[in-house]
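Enquirer: Have a look at the structure that comes next, please.
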Amino acid sequence: MPDKTIICKDCNSEFIFTEGEQAFYQEKGFQNEPQRCPSCRQARKQQRRNFNGRGNRSFGDNREFNNKW
């Protein structure tokens, strides 16, 4: 499996999908090649972690149902 050059769907830059990465994807059973370069993948993950700019939500902190009893 030779290295593949792929165009990032977000920033349109070329990135290399290495032979090792391809083997990893195959081992994990992933059907699709990556569509984003590593920096765009990282940015997208960070965006999801921030939950639309709200940061990490801590559920239960502001709930008052415990105070009913």
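The values are calculated or read from the model by the stated rules, or taken from the named source; none is laboratory data. From a predicted model like this one, the values you see are computed outputs, not experimental measurements. Here the Cβ is made from the backbone with ideal geometry for all residues, glycine too, and neighbour counts use every protein chain on show.
Enquirer: Of the residues in segment 1-24, how many are more than 20 Å from Lys45 (Cα to Cα), assigned to a loop (DSSP other than H, G, I, E, B) and modelled with pLDDT of 95 or more?
Expert: Going through segment 1-24 one residue at a time, the tally reaches 3.
Enquirer: Can you confirm whether Glu27 is at pLDDT 95 or above, part of a helix (DSSP H, G or I) and surrounded by 10 or more Cβ atoms within 10 Å (Cβ to Cβ)?
Expert: no
Enquirer: While we're on this one: Please go through segment 32-54 and give me each residue that is part of a helix (DSSP H, G or I) and either in contact with a strand residue (DSSP E or B) (Cβ under 7 Å, 6 or more places away or on another chain) or touching a residue at least 40 places away in the same chain (Cβ under 8 Å) (or both), ordered by number.
Expert: Pro38
Enquirer: Next question. If you check every pair at least six apart or on different chains, which have Cβ atoms under 6 Å apart with a residue in segment 12-31 that is farther than 13 Å from Met1 by Cβ first and a residue that is exposed (fewer than 10 other Cβ atoms within 10 Å of the Cβ) second?
Expert: Glu14/Thr5
Enquirer: Separate question: Considering only segment 45-64, I want to know if a residue exists there that is exposed (fewer than 10 other Cβ atoms within 10 Å of the Cβ), modelled with pLDDT of 95 or more and either at positive phi or hydrophobic (A, V, I, L, M, F, W, C) (or both).
Expert: no
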